[in-house]
Each structure stands twice: as structure tokens, then as C-alpha cells.
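Engineer: Okay, handing you the structure first.
Just so it is clear, none of the values below were taken in a lab; they were calculated from the coordinates. Note that this is a predicted model, so its numbers are computed, not measured. Here the Cβ is made from the backbone with ideal geometry for all residues, glycine too, and neighbour counts use every protein chain on show.
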């Protein structure tokens, strides 16, 4: 065979190989990188045990503090916790961007080991004084304010596919809220409140250990520590400037602040009054055991919604999430109309699934369309807005029953839910926001949009 023939044969074989590689009938899509690597496994473990501890606390507070200081005492302790969180969460976002989300989360976990350990010792010793309960609640609320802004920022650093990671974490959250309250009640009945607080302290200790063991990739580590070139701690920027920058980034994204405005209304009219009004109506008609059962089925729905979010990857995640949230209307509606227990259970499963699916779409959109350097501060602003609306709704739920019956108020909640979904679809920046593309390494593409050319509100000009 001559040299020319050999070269021609080689060229022919190369062309065939290239055709086979690019032919969609023969080529295979690249395998998705595994999600359960060491970093995500450690992070998932930290969040799962921490969520279980969080889910135990409301029941523990009600059953332990209530017999000592009454309903007002329970409300005041929980109110101090929530109020401290709302006041400090914006600073938590700044500190997470300055010093690294992981460092702030580890420090917050260790503070909660201290607060829950002190309360465990106090309950084991007898009846803790009220001032101690309030002080520990304030410290714990401050710790959560330092912890939660980093949760959003950590997910893109430890997971190659943020949506799958968020869905998996949402399932863990749902399971924790299924198991935590029942476990807390059982432990208090069999042992004492001190046991619950001691176990809670242990969950935060394990969470801190797992977070401390996470080793971030070099590029990710630069965005998570003050050693990066763009770190506020290194450039010496002021606290006020950091807060202002976070606000500017939050305000620049129409889809983000528009959703939070709707969620503030949801907090006042829907999420805030839902628990006190539903528990009153269902408990009066069917008994307290029935209310506990429907809350458990809400958790079942949350698990199913998280599993669905693992499978579906909509091109326009917020539009898909808004469609799911329309189904949440069934939950307050079936309570307001006095439905029987089977319908109540089905309505709570549907509502839990709808809210879980929205939560995954929302968290993934925030994480993948926000620059990593300001993600924690932006998350703090959206957390502050959401929680403040819920707190106001909880406060107003009782006085509102003097103006209308709980059933009529829940009909208002159902109407507000449906109107909010219509508003979400009516806002172009929300409706048209597209799923961010992933780079070869599995990380989100440019924060501005899937191809790096879009502005923070979606395609430029919309």
C-alpha cells in the first residue's frame, strides 16, 4: 500500500469516527457527574441532623415551657427567637460573604450547642428561670441568623447540580419535620425536656463537625473564604457598603424582589395565619389527633414534591413553580369548607407537594442567577422579607378572628394564594426566567443568564 493510499485510508477512518461521534443516533450524552461525592455527603449529613434538631424544638418548647410559664411564656420565648433572627439576618449575609459561609455555619452550630446544652442542664436540674429561657432563645435566634444565609451559598459549592441537591435537601427537611415533632413528644413523655435539648445540642455538634470536614475545590474556596481576591474582608469594605451592595444586587433582579413582595403578602394572609386558624378549626371539629395527622400528611406531600423536583428540570423553573403553587390553594380551601378527614389529608398532601416543588425551583434560581460573591447577602434579604411577613401574619391571626370567623379568614387565604400565582405569571421577569446552564464541571454558568448574555431579569429588553 502506498503512502498516499495509507493517508487516504487514515483520513477516511477519522471522518467515520467523527461522524459516529457527532451523529445523534449513535452518540451518547455525557454521563452526569455523581452527586453523592464526599463534599455533598458531608453537607447533606450536616443539614439533615440540624433540620431534625430544629424540627424537635417547637414541640419541646411548647411541652416544656408551657407547663411552667403558660401559653404567653411559650409565645414570648418563640417570639424572641424569631425577632432576633429577623433583626440580625442581614448582617449574617454580610458576614457569610466576608468570612465564608462554611465558617459562619460552623460557628453558629457551636453557639447552638452551647445554648441547647445550657437548657438541657437547666431542665435536668429542675425548672429553669424564665430569664434563662429568653436569653438562650435570643442567642439561638442570633445563631440561626448567622447560619441560614450561608445555606444557599454553600449548595453550589458542594453540589455539581444545584437543583438535584436542593430537591434532596427538601426531602430531608420534610422527613425531619415528620419525625422531629413525634420524637420530641415521645422523649418528653418517657424522659424529660432535658433529654430533648441534650439531643438537639448533639445534632448541632455533629453538623458543625461535618461542615468543618468539607474541603472545597480551590476555585470554590476562594469565594467561601476571605482569602479570595474579591473578598470584602480583604478589600476593607465597610459594613454599610456591604449591606448596600447586597441590596443593590437584590433590587437589580426584578424577578427576585417581585417574588419576595408576593411572599410578604403570602406571609401575612396565607402562611402566617394558616397554622393557628387550621389547628383551631380542625381541632374543634375532629379533635387534636386529626390535626396532628393532617400535619403529618403535609410532610408526606413535601417528600413527594421534593422527589418530583429531582426528576423534572423545567426550562422556566419559576413559571413551573408558580403553576405548582396554584395547587396549594386546595389546602386552606378544604379547611375553610369543613371537609372530612380524607379530603383534608389529600389536600395537605397536595399542598405540601406544591410548596416543596416551588421551594426547589426558587432556591435553585437564586443560587444559579446570583454572583457567588454576593449570594449570601442576597439570600439574607430574601429571608428577611419572607420571615417578616409570616411573623406579622402570626401576630395578626388572633385579632383578625374578632372581625371574621376562622373559616372566612381561610377563604381569604385561599383567594390570596390564587391571586399570588396569577401575579407571578403576570410578571414577565418571573415568567420568562430560564434555567441556568451548567458548565462542564457541573457548576452554574454565568449568573446573569444561561448563556451569560442575559441581564439579572432574564433576556435583555423584556
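Engineer: Using alpha carbons only, how many angstrom separate the centre of region 350-395 from the centre of region 94-130?
Structural biologist: Measuring centre to centre over Cα atoms gives 23 Å.
Engineer: Here's something else I'd like to know. Would you kindly state how much longer the chain becomes between residue 425 and residue 127 on full extension, computed as 0.36 nm times their sequence separation minus their alpha carbon distance, in nm to one decimal?
Structural biologist: Stretched fully, the residue 425-residue 127 segment lengthens by 102.0 nm.
Engineer: Report the per residue volume, in Å³, of the convex hull enclosing the C-alpha atoms of region 35-220.
Structural biologist: 105 Å³
Engineer: Each label point is 7 Å from the Cα along the Cα-to-Cβ direction; what then is the distance between the points at residue 251 and residue 110, in nm?
Structural biologist: Roughly 3.7 nm, to one decimal.
Engineer: With the crude spin-label approximation of a point 7 Å out along Cα→Cβ, what separation in nm comes out for residue 209 versus residue 403?
Structural biologist: 5.2 nm
Engineer: List 364, 329 from most exposed to least, where exposure is judged by having the fewest other Cβ atoms within 10 Å.
Structural biologist: 329, 364
Engineer: Continuing with the same structure: Could you please rank 238, 278, placing first whichever residue has the fewest other Cβ atoms within 10 Å of its Cβ?
Structural biologist: 238, 278
Engineer: By count of other Cβ within 10 Å, fewest leading, how are 369, 177, 348 ordered?
Structural biologist: Placing the least packed residue first, the sequence is 177, 348, 369.
Engineer: Let me ask you something else. So if R0 is 41 Å, what FRET efficiency would residue 186 and residue 37 give, r being the distance between their Cβ atoms, rounded to the nearest 0.05?
Structural biologist: So, using R0 = 41 Å, E works out to roughly 0.70.
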